[in-house]
Each structure stands twice: as C-alpha cells, then as structure tokens.
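Step one of this worksheet: look at the structure below.
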C-alpha cells in the first residue's frame, strides 16, 4: 500500500517536472524567437541608417565635386594664367569654396537628374530665343503703329511648378520675353505685367510653363503632349 | 529684423551666385600682386557675399555658416598673418615687411620671395577685412537686440 502511494507520488512528481520542463522550453523558445526578431530588427534598422547615411554622403560628395569643377572652370576663365602656381592656387581656393558652399549650388536637385536636366535646359534655350524674337517683332509692331493699340494689364496665374529653381527659370523666361514682366511670385501665384492681350493670352496658354516643368522633371505634372497621346490611345480603345 | 526673404527668385539666385562671388573674391586676392585688386578689395567682395546671404537667407542661416565669434577669430588671424610676415622680415635682418629677406627660408630668389611675401600679406589683409566688415554689418543689423535676447533666440 505504501509502495503504491510512493510510486504514485513519484509519478506525479515526474509529471509535474515534465510539464515544468515543457513550459520552460516553451518560454525559452519564445525568448529566443524574440531575441532573434529584435536582432533582425536592429540589423535592419542599422542597415537602413547606413544606407540613408551613405546616400546622403554620396549626394554631398557629388555636390562637392560638381561645385569644385564648375568653380575651377570659372577660375580659369577669370585668371587666364595657366602656370602650375596659379592653377594650384585656383585648385586650393575652389576646393575650399566648394567645401564651404557645396549645399548651395545644387540644393533641391534629385540625385542623378543633373545630366538630363542640363541636356533639356540646353534644348530649351533655342525655343526661348525664338519666342524672344517673335515677341520683339510683336512689341515693335505695337509701338510703331500710330494708334499704339496696347492694353496693359496684370495677369495672375497659379503655377504647377514645385522647386524654387524651376519657378525662377520660368520667371526669368517671362521677364526676358519682351512685353511681359514678372512682378512677383507669392505662394505659387505669378503676378505678370503684360503689354497687350496677345502676349497675355500666350502666357495663359501655358506652353512656357509646360516646357520649364519638362526641363526640371516635375513629377506629378501632366504635359499637354502626354494628354494628347493618351487621348488618341483612349479613342482607339473605345472604337 | 532680418528674417529670410520670402521671395523665391531672390533666394534662389542668391543661392546660385554665392559660390561664384566667393570664388571671384579669392581670385581678386590671389591675383592682387600682378593685376588690379588685392587684399582689401577681395576681402570686401567676400564680405559682400556674406551680406547677400544675410539679406536673402536671414541672420540665423548665416550664423550657422559663420558666427560672430568665428569672424572675430578670423580677423585676429588675418592681422596675425600680416604682422607675422612683417616681424619675420625683421627677425631675418631686414626692415619691417622687407619681403626680400624671406628668400632665406622660402629657398627662392629674392624677387620671387617678394612676390610670395606680398601674396601672404594680401591673404592676411583679406581675412581681416572680410571678418571686420562682417562684424560691422552684423553689429548694425542686430543693433536693436540686446545680447541676452540674442542668446535666447538661438
């Protein structure tokens, strides 16, 4: 009788121990899992931080090198002396200036866009010159006519451009074109003085703004050409 | 008194012009010994660049690039370079600012030593002029604020 009791008690004890062991293993497993997750999360975070840091560093170095090259070209243009002493001085000065002001020249430019932007900007200049010549002829014809049919007015329009540099390009293009002068930009609204109804209509048509947006690749902007293309495809699909 | 300008055109163009203004100022300083220009002119152009930055980007932004304390240190360094080169000539046995004597330590002919000595003095003058113009400009612009206000604003 006592032996059976003892056996039972031992068995119970073993069972309890077994359960405790299972619990312990479970807890340990969870702990290991948590630790692993934590480590992975930390690793991921560190990787991301490293990546963004590297990205920023890369942008900075790009800006630095770009600024120093441009400044060195500017220096050679000014100096006109190509002996080792002056070129060395120029290199030192340009590196110093680029180090101090590398964030000014290329602020707000997305990485890797620079080449496309430059190419498109150069392609924009002939069009701008053509516009200037046309506007010159128009303004001259207005002024030379004895009646002088001018209709001065201030027009305002809301721009779709986002970055400061594109706004400035558009404003200066407007001012360069005879007959129109940019007075102010406030909160993305242009105030432009126009000499006659024709130049005002030309401006309101927005071709210049579209072209400037195209240069600087303003992302969420629909180009007229794109809309026309899409309309053609849509027509074909519907028929 | 001087907050950042809210005119997009002026801000963007000042940002684009600033490196070129500083590079031009350094060109004027470095070529001062055989063309018009020199330490004073270059220093004033440098200071003008910083004034442009203050007018367009505001005092705080400019303080981040160069504080008044740093400007004070730079002006002292400039005067030190000028006086140091003059005194070095005295030590080497010439008159004050007698650059020809520098040929002994620069290991070049006296004529070249004169050219290099003038260049060194011009760099010192440019630094001093730039820093002092900057400090004067800051003093005028922050005339209304007391120093304590200044500390709290930052």
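Residue A:63 meets the conditions (1) facing chain B (nearest Cβ under 10 Å); (2) touching a helix residue (DSSP H, G or I) at 6+ places or on another chain (Cβ under 6 Å) in every case but one. The failed one is (1). Given the criteria part of a helix (DSSP H, G or I), closer than 28 Å to residue A:114 by Cα and either within 26 Å of the chain's Cα centre (by Cα) or at pLDDT 85 or above (or both), does residue A:200 qualify? No.
Can you pull out the residues in region A:121-159 that are outside any helix (DSSP H, G or I), touching a helix residue (DSSP H, G or I) at 6+ places or on another chain (Cβ under 8 Å) and either without any contact (Cβ under 8 Å) to a residue 24 or more places away in the chain or more than 14 Å from residue A:203 (Cα to Cα) (or both)? Scanning region A:121-159 gives A:148, A:149, A:150, A:151.
Evaluate the following for residue A:116: is it away from chain B (no Cβ under 12 Å) and either touching a strand residue (DSSP E or B) at 6+ places or on another chain (Cβ under 7 Å) or within 30 Å of residue A:199 (Cβ to Cβ) (or both)? Taking the combined requirement at face value, the residue does not satisfy it.
Looking at region A:98-107, is at least one residue assigned to a helix (DSSP H, G or I), at pLDDT 90 or above, under 29 Å from residue B:25 (Cα atoms) and within 9 Å of another protein chain (Cβ to nearest Cβ)? For region A:98-107, residues assigned to a helix (DSSP H, G or I), at pLDDT 90 or above, under 29 Å from residue B:25 (Cα atoms) and within 9 Å of another protein chain (Cβ to nearest Cβ): present.
If you filter region B:6-23 down to residues that are more than 7 Å from chain A (Cβ to nearest Cβ) and assigned to a helix (DSSP H, G or I), you find that the one that is farthest from residue B:121 (Cα to Cα) is B:10. Restricting B:38, B:32, B:42 to those that are within 19 Å of residue B:130 (Cβ to Cβ), within 13 Å of the chain's Cα centre (by Cα) and within 12 Å of chain A (Cβ to nearest Cβ) reduces the list to B:42.
If you filter region B:102-145 down to residues that are within 23 Å of residue B:50 (Cβ to Cβ) and loosely packed, with under 13 Cβ neighbours inside 10 Å, you find that the one that is modelled with the highest pLDDT is B:136. Would you mind stating whether residue B:58 is assigned to a helix (DSSP H, G or I), on the phi > 0 side of the Ramachandran plot, out of contact with any strand residue (DSSP E or B) (no Cβ under 8 Å at 6 or more places or on another chain) and more than 7 Å from chain A (Cβ to nearest Cβ)? When the stated conditions are applied, residue B:58 passes them.
Which one of these is out of contact with any strand residue (DSSP E or B) (no Cβ under 9 Å at 6 or more places or on another chain), within 12 Å of residue A:159 (Cα to Cα) and at pLDDT below 85: A:221, A:214? The unique qualifying residue is A:221.
Condition (residue is in a helix (DSSP H, G or I) and within 30 Å of residue A:107 (Cβ to Cβ)) applied to region B:33-42: is it met by at least one residue? The answer is yes; a qualifying residue exists.
Name the single residue that is modelled with the highest pLDDT among those in region A:73-91 being within 9 Å of chain B (Cβ to nearest Cβ) and either surrounded by fewer than 19 Cβ atoms within 10 Å (Cβ to Cβ) or in contact with a strand residue (DSSP E or B) (Cβ under 9 Å, 6 or more places away or on another chain) (or both). Per the criteria, the residue is A:74. Can you tell me which residue within region A:170-187, out of those that are facing chain B (nearest Cβ under 9 Å), under 21 Å from the mean Cα position of the chain (by Cα) and surrounded by 19 or more Cβ atoms within 10 Å (Cβ to Cβ), is modelled with the lowest pLDDT? Once the filter is applied, the top-ranked residue is A:185. Looking across region B:16-29, the residues that are surrounded by fewer than 23 Cβ atoms within 10 Å (Cβ to Cβ) and over 14 Å from the mean Cα position of the chain (by Cα) come down to B:16, B:17, B:18, B:20.
The values are calculated or read from the model by the stated rules, or taken from the named source; none is laboratory data. Small disclaimer: the values here were computed from a predicted structure and weren't measured. Note: ideal-geometry Cβ built from the backbone for every residue, glycine included; neighbour counts use all protein chains shown.
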